[in-house]
4 protein chains.
Amino acid sequence: MSEALRAAPQWHVSQWFGAAGPVTLESLRGRVVVLEAFQMLCPGCVSHGLPQAQRVRDTFPEDRVAVVGLHTVFEHHQAMTPTALEAFIHEYRIGFPVGVDESGDGPIPRTMRAYAMQGTPTLVLIDAAGMLRGQSFGQVSDLALGARIATLLAEAGAERSA
Amino acid sequence: MSEALRAAPQWHVSQWFGAAGPVTLESLRGRVVVLEAFQMLCPGCVSHGLPQAQRVRDTFPEDRVAVVGLHTVFEHHQAMTPTALEAFIHEYRIGFPVGVDESGDGPIPRTMRAYAMQGTPTLVLIDAAGMLRGQSFGQVSDLALGARIATLLAEAGAERSA
Amino acid sequence: MSEALRAAPQWHVSQWFGAAGPVTLESLRGRVVVLEAFQMLCPGCVSHGLPQAQRVRDTFPEDRVAVVGLHTVFEHHQAMTPTALEAFIHEYRIGFPVGVDESGDGPIPRTMRAYAMQGTPTLVLIDAAGMLRGQSFGQVSDLALGARIATLLAEAGAERSA
Amino acid sequence: MSEALRAAPQWHVSQWFGAAGPVTLESLRGRVVVLEAFQMLCPGCVSHGLPQAQRVRDTFPEDRVAVVGLHTVFEHHQAMTPTALEAFIHEYRIGFPVGVDESGDGPIPRTMRAYAMQGTPTLVLIDAAGMLRGQSFGQVSDLALGARIATLLAEAGAERSA
């Protein structure tokens, strides 16, 4: 069995919160990346997606698993501004960097379009080599997600020792 | 035992959502009123206060119990604008009228100050005669709240038949 | 509108736990009674019915609202013996008296049959005068239950002052 | 870094439910084994341990991950008999084999003693080679458990291809 892997598309971010500088895919090479795409006024993101991303942050070591939020606003643009997002991040105590997906032509922002996301929340898994390894719209169980992350970590470890 | 009752302070609302016109305390006379004061970026309001207010709306008949939301923004004013609130109400499917508490001198809005609320969420109970009968900051249990509402309803009924 | 009330049927209990002596309906006259009929191996009783009965116990004063459990075993009789029930009450820290419904002819015990209960959990409400005022099989919301109890309490109070 | 592994102690089971015959550690060689030690009247087992074991059963393929329950009764022996356990398994729809830990000298059953378990629920992880790889008393998060299982699966896969 063989899977045709493709590199994770570039991120287009206009502004970062909770990061010293831009967080690029290149800078995360060597770590498994969990990207949580959300909108601050999306109920499923608030009740499920973001708490799960925070649990991932609290469970895995930061030098092996990177957790990154991406604010992919595709509706209510006037309401979900960067100013509003900053207050949201503060109030919900989001403990990982969050980027603002850059607006493109039309309502859908650029990174969201590049990944062909269907909505929010969307969870994206990228392996230590920068390959796109999973993308789920809606709810993912913690058991399945923990297993998926550990599998990518095991691959990364095997690569290193090879 | 006797309780010195005071009339519920007037509401100062600059804008209503989900209502044909202004919702005044006078217009609600004869009904028990559950007022849910909240901020759209307050986690406890989103996870507890507003869902509970919605359950009250779904449990009691509308002609006997009025449920009203009040957006009492006392922090992050730039983030929690009426435009943002409107999107929030839409996304969270809030099924009762919501007023925007009018800004006053300083960060605390006028109605919030008149009721001396300590924060959000705050649940206020007003009886059918317009008297202030309860005010709780933080979580209230459904059992206790259901009992309190029914007690006020029973009083209103007794008054009517007297 | 008028409701034809009937007296709550007698309880037939072979053994009591958590009570000094037999708990009779007569001895509870003057108090609102919440009767929780359950089976210790019924998942809905363990996850919903019994915790709710405990919340009622913790919310209302004991001299006005009585909470009583009734072990109505109608299946797996060999498994749900009084010995097993006693361990269950201990482990789940049930904080109200529990009676063992007396076995009758056939699998259904006597009190369960007298009340024509359809299964477990069943919640029964009896007013301060001993009248049967409500019976629900399955889940009841805390808001609705709190309201129902308070309504019966208000009636009892009105009676007393009349 | 190296970990001194030891073989998972033998299971001593007097009776199996939900299995065609005895489930031995040897017969599970080649699969990762999740052993859930519980007591049917232990609230934490009912609310947390057993539902988690069931989620493991539903998440991972049966030919790679075996889920086995072990009824380790160390208190209330009269209440938690095999007859009662059988009814419990039926009512809670436990979808994996459950063994009755054989009684030993004193209240603690034999397998529980061999594994030096401190109480229930206890979750035991055994790798595909039959080595004891983890044992936790109390709650384990789904994320951490999913990761742990996947790590053992990755090891088993690496071994096979080597």
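What to note about this one:
- Span-like helix ranges in chain B, DSSP H, alpha carbon extent 15 angstrom or more, Kyte mean at least 0.0: B:142-161
- Across the identical copies, how the C:Q10 labels are spaced - nm, sorted shortest first, 7 Å along Cα→Cβ: 5.9, 6.5, 8.7
- Lys, Arg +1 and Asp, Glu -1 on Cβ, resulting dipole of segment A:1-73 about Cα centre, debye, nearest 20: 40
- Only Cα sites of segment B:20-103 enter the Debye sum here, all with the same form factor; the resulting log10 I(q)/I(0) across q = 0.16, 0.25 1/Å is -0.61, -1.35, listed in q order.
- Relative contact order, percent, chain B [alpha-carbon distance under 8 Å, six or more residues apart]: 33
- The spacing between segment A:1-35 and segment C:1-74, judged by their C-alpha centroids, is 59 Å.
- Dipole magnitude of chain A about its Cα centre (Cβ charges: Lys, Arg +1; Asp, Glu -1), debye to nearest 20: 220
- Any cysteine of the protein assembly as shown lacking a neighbouring Cys Cβ under 4.7 Å - listed by number: none
- In loop segments of segment B:80-162 as defined by DSSP, the trypsin sites (Lys or Arg not before Pro) with at most 11 further C-beta atoms inside 10 Å of their C-beta are B:R93.
- Only helices enter this figure: runs of n ≥ 4 DSSP H residues, each worth -39500 (n - 2.57), summed and divided by the residues of chain D, yield -8500 deg cm²/dmol at 222 nm to the nearest 500.
- Under the Debye formula (equal points on every Cα, no solvent term), log10 I(q)/I(0) of chain C at q = 0.08, 0.09, 0.16, 0.19 Å⁻¹: -0.21, -0.27, -0.88, -1.26
- Spin-label model, C:H90 to B:H48: label points 7 Å out along the Cα-to-beta-carbon direction sit 3.5 nm apart.
- Computed from the C-beta positions of D:S103 and A:R6, the FRET efficiency with R₀ = 60 Å rounds to 0.55.
- Residue-normalised convex hull volume from the C-alpha trace of the protein assembly as shown: 203 Å³ per residue.
- Across peptide A:38-45, the mean count of Cβ atoms from other chains lying within 10 Å of each residue's own Cβ comes to 3.
- The length gained by stretching the chain between B:E159 and B:A129 to full extension, at 0.36 nm per residue less their Cα-Cα distance, is 9.8 nm.
- For segment A:89-162, the spread of Cα positions along each principal axis, largest first, Å: 45, 29, 21
- Remark: the protein assembly as shown carries a charge dipole of roughly 0 debye about the Cα centre, counting +1 on each Lys and Arg Cβ and -1 on each Asp and Glu Cβ.
- Rounded FRET efficiency, nearest 0.05, which uses the C-beta distance separating C:S141 from A:Q139 and R0 of 30 Å: 0.75
- Bridge type composition, the protein assembly as shown - antiparallel percent by DSSP, nearest 5: 60
Read-outs throughout are calculated quantities, based only on the coordinates presented, and are distinct from any laboratory measurement. Just so it is clear, the structure is predicted and the values come from calculations on it, not from any experiment. We place every Cβ from the backbone using ideal geometry, glycine too, and count neighbours over all the protein chains shown.
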